[in-house]
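> Okay, handing you the structure first.
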Amino acid sequence: MDPIWNKIHKGGWGKYPNEALVRFLCRYKKAEPDFKRNNKVLDLGCGAGANTKMMVAEGFKVWAVDGAGEAVRHAKAFVSQKNTKFIVADFVDIASIFPKGFFDIVCDNVSVYTNTVKNIEAILASVAKILKKDGLFYSSCFSTKTLGCGLGKKLESGTFIDIRESVFFKDRGIAHFYTEKEARKVYGKFFTVQSFDVDYHTEFNGQNTVSMFVLICRKK
């Protein structure tokens, strides 16, 4: 885990949950006939707890993990700890922390992207291990059409560090950007991709473009 994230989270960051993630979890809750039993969720990259708090409010039992101790400290203060456990850990280690087939759902709201492809694939493999059979993985990541891709120092195809020109990625360590073909290939190694959507918007009067892939995957 890049230590820069402790610095970023030191002052607290993020208060409101992601809208697409809210829709996904609420649809799951409505469709799952045995929700009281099948409601274990891992918030992978919980940050300051915005999504975690929403999950708890919707009745999920939540395990919130972040590699930044400062993020977890803020999340504990922000979220009621009822039905919630907080853990500081590197994402690549989650398969050694949780039992095989433990979770019904794992959620990654633009957190795993902060890695090289090698580490991303190791994390996805770990996610697959800790999901139940037919468990769901919600993941969002940035496409190559996002401002920041191609800027900074190139580490490998699609992966950059020291990005300076982008509002979102400036001084935030490593970022990997996907083409649709690559995203389907990488996630498809470990999951069946059930839903693949694009969330595109601009900010600051069109100066900043944000293009995200939102994937809902099922464990094979």
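Residues are listed down the side, and each one gets a yes or a no for (1) closer than 25 Å to Pro17 by Cβ; (2) touching a residue at least 60 places away in the same chain (Cβ under 8 Å):
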site	(1), (2)
Glu121	no, yes
Lys129	no, no
Glu165	no, no
Phe190	no, yes
Lys219	yes, yes
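> I've got another one for you. Considering only the range 171-197, state which residues are among the hydroxyl-bearing types (Ser, Thr, Tyr), in contact with a Gly (Cβ under 8 Å, 6 or more places away or on another chain) and either surrounded by 18 or more Cβ atoms within 10 Å (Cβ to Cβ) or in a strand (DSSP E or B) (or both).
If the condition is that a residue be among the hydroxyl-bearing types (Ser, Thr, Tyr), in contact with a Gly (Cβ under 8 Å, 6 or more places away or on another chain) and either surrounded by 18 or more Cβ atoms within 10 Å (Cβ to Cβ) or in a strand (DSSP E or B) (or both), then Tyr178 is the only one that fits.
> May I pose another question? Where in the range 34-144 are there strands (runs of 3 or more DSSP E), lying wholly inside it, with at least 1 residues that are β-branched (Val, Ile, Thr)?
Per the criteria, 40-44, 61-66, 84-88, 103-109.
Rundown of residues vs (1) hydrophobic (A, V, I, L, M, F, W, C); (2) modelled with pLDDT under 95; (3) within 15 Å of the chain's Cα centre (by Cα), yes/no style:
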position	(1), (2), (3)
Val79	yes, yes, no
Ala89	yes, no, yes
Phe98	yes, no, no
Phe137	yes, no, yes
Glu156	no, no, no
Thr159	no, no, no
Phe169	yes, yes, no
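> Now, a different point. Condition (residue is among the aliphatic types (A, V, I, L, M) and at pLDDT below 95) applied to the range 31-41: is it met by at least one residue?
No, the range 31-41 contains no residue that is among the aliphatic types (A, V, I, L, M) and at pLDDT below 95.
> Does Asn83 satisfy being of a type in the set (S, T, N, Q), within 18 Å of Phe102 (Cα to Cα) and out of contact with any helix residue (DSSP H, G or I) (no Cβ under 8 Å at 6 or more places or on another chain)?
The answer is no for Asn83.
> Additional query: Starting from residues that are outside any loop (DSSP other than H, G, I, E, B) and touching a residue at least 12 places away in the same chain (Cβ under 8 Å), keep the ones in the range 151-161 and report whichever is farthest from Gly173 (Cα to Cα).
My answer is Glu156.
> Additional query: Return only the number of the condition from (1) farther than 21 Å from Arg218 by Cα; (2) in contact with a helix residue (DSSP H, G or I) (Cβ under 9 Å, 6 or more places away or on another chain) that Thr116 does not satisfy.
Of (1) farther than 21 Å from Arg218 by Cα; (2) in contact with a helix residue (DSSP H, G or I) (Cβ under 9 Å, 6 or more places away or on another chain), only one is false for Thr116: (2).
> Now, a different point. Tell me the residue from Val117, Val106, Val110, Val41 that is in contact (Cβ under 8 Å) with a residue 60 or more places away in the chain, surrounded by 15 or more Cβ atoms within 10 Å (Cβ to Cβ), aliphatic (A, V, I, L, M) and at positive phi, please.
On inspection, the qualifying residue turns out to be Val110.
> (1) surrounded by 14 or more Cβ atoms within 10 Å (Cβ to Cβ); (2) part of a loop (DSSP other than H, G, I, E, B): which one isn't true of Asn205, the others all being true?
Every listed condition holds for Asn205 apart from (1).
> When you go through Asp197, Asp171 one by one, which is the residue that is charged (D, E, K, R) and at positive phi?
Going through Asp197, Asp171 in turn, the sole match is Asp171.
The values are calculated or read from the model by the stated rules, or taken from the named source; none is laboratory data. This is a predicted model, so every value here is computed, not measured. Reconstructed Cβ throughout: ideal geometry from the backbone, glycine too, with neighbour counts over all protein chains shown.
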